[in-house]
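A.B. asks: The structure follows.
The values are calculated or read from the model by the stated rules, or taken from the named source; none is laboratory data. Here the structure is a predicted model, which means the values were calculated and not measured. All Cβ positions, glycine included, derive from the backbone under ideal geometry; neighbour counts span all protein chains shown. Side chains are part of the model used for accessible areas, which takes the heavy atoms of the whole protein and leaves out ligands, DNA and RNA. Shrake-Rupley method; radii C 1.70, N 1.55, O 1.52, S 1.80 Å.
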Amino acid sequence: MLASDDTWDVVIDWERFLNESPESQAEVDDQTQILEHLAAHEPQHILMHLSSTDSSDYVDSLTGSPTVRAWRHYVGEAIDEFRCELAANRRVTMTPTHESTASDDVEHFRRALNESAAHIDDNPRRAAMQALGAAKEMVKALGYLAAEYTAGDREPLPPEPTADRVGRIHRSVLAGHIRTVRQCACCQ
């Protein structure tokens with residue numbers, strides 16, 4: 001944040017500094033690691049802005065279809081986050097990793113999309129804004145994950161499907177297929 005004296009302040013949530021009763025040294029170490037990571041990540045935004053290399057300096061010049069133009073700020077923000085996270089990950093690694101929380105990100109995205117779908121009939125604008133907001137956060141999460149893989153000089157492994165996850169996917173796909181077949185006039 002630009003201060004009144006033309007210096008920059010990095011604002012960090014005060015709760016990051018409080019841990020009234022840490023249960024272990026590992027908990028204190030985790031909290032310290034998060035703060036060190038934030039201290040490495042956030043100044044990257046300032047450096048990119050001051051050097052005119054952040055997305056605010058190029059996204060408005062992107063051309064293309066209305067869809068491309070609508071998404072350019074979201075994608076630009078994700079690219080900026082990727083670049084900042086990449087620089088931070090090369091200095092301080094994080095625990096938990098973005099890889100370990102990726103399934104939570106996907107689950108949050110899925111829930112948000114389902115929630116937005118509930119408003120399609122009564123408030124289509126709200127539904128669209130909710131879906132776009134969820135997609136924006138998912139794209140940012142993918143940027144963080146990509147930075148983690150790039151900084152670690154490795155490629156992601158395919159996920160190991162658990163029996164529960166495979167069962168949920170199969171039930172979901174089959175339920176949709178069964179509904180479609182039941183509605184088909186040729187099967188009546």
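A.B. asks: What is the Rg over Rh value, at two decimals, for the stretch 64-132, using alpha-carbon atoms and the Kirkwood definition of Rh? Numbers along the way, then the final one.
C.D. replies: Numbers: Rg = 16.0 Å, Rh = 14.6 Å.
In the stretch 64-132, Rg relative to Rh is 1.10.
A.B. asks: Let me ask you something else. Rank these residues by their accessible area, most exposed first, probe 1.4 Å: Glu115, Glu107.
C.D. replies: Working: Glu115 100, Glu107 55 Å².
Reading off the accessible areas and sorting them downward yields Glu115, Glu107.
A.B. asks: Still on this model: For the stretch 92-122 and the stretch 21-46, write down the distance between their C-alpha centroids in whole Å.
C.D. replies: The distance from the Cα centre of the stretch 92-122 to that of the stretch 21-46 comes to 23 Å.
A.B. asks: Further, regarding this structure: Cα-based Rg of the stretch 1-145 per 2.2 N^0.38 Å, rounded to two decimals?
C.D. replies: Taking the Cα Rg and dividing by 2.2 N^0.38 Å, one obtains 1.25.
A.B. asks: Determine the share of the stretch 28-149's accessible area contributed by carbon and sulfur atoms, expressed in whole percent, with a 1.4 angstrom probe. Before the final figure, lay out the partial values.
C.D. replies: Numbers: 4080 of 7010 Å².
Solvent-exposed carbon and sulfur of the stretch 28-149 make up 58 percent of the total.
A.B. asks: Quick one: Karplus J couplings for the stretch 23-35, per residue in order, coefficients 6.51, -1.76, 1.60, θ = phi - 60°, nearest Hz, x for Gly and Pro?
C.D. replies: After applying 6.51 cos²θ - 1.76 cosθ + 1.60, I find 7, 7, 5, 4, 5, 5, 4, 4, 4, 5, 4, 4, 5 Hz.
A.B. asks: Report, by chain and number, residues whose modeled amide H sits under 5 Å from the one on Trp8, excluding near sequence neighbours (fewer than 5 apart, same chain).
C.D. replies: Ala3
A.B. asks: Taking the Cα centre of the stretch 100-153 as the origin, how large is its charge dipole in debye, to the nearest 20, when only Lys and Arg (+1) and Asp and Glu (-1) carry charge on their Cβ atoms? If you can, show how the numbers build up before the last one.
C.D. replies: On the way: 6 positive and 9 negative charges, 51 e Å.
Approximately 240 debye in magnitude.
A.B. asks: Here's something else I'd like to know. With a point put 7 Å past each Cα toward its Cβ, work out how far Ser61 is from Arg90 in nm, to one decimal.
C.D. replies: 2.4 nm
A.B. asks: Residues of the stretch 53-148: accessible area per residue at 1.4 Å, in Å²? Don't skip to the end; give the middle numbers.
C.D. replies: Working: 5670 Å² over 96 residues.
For the stretch 53-148, the solvent-accessible area averages 59 Å² per residue.
A.B. asks: Keeping all protein chains in place and using 1.4 angstrom, which order do Ile79, Ile12 fall into by accessible surface area, from largest down? Kindly include the intermediate steps, with their values, before the conclusion.
C.D. replies: Values: Ile79 70, Ile12 45 Å².
Descending order: Ile79, Ile12.
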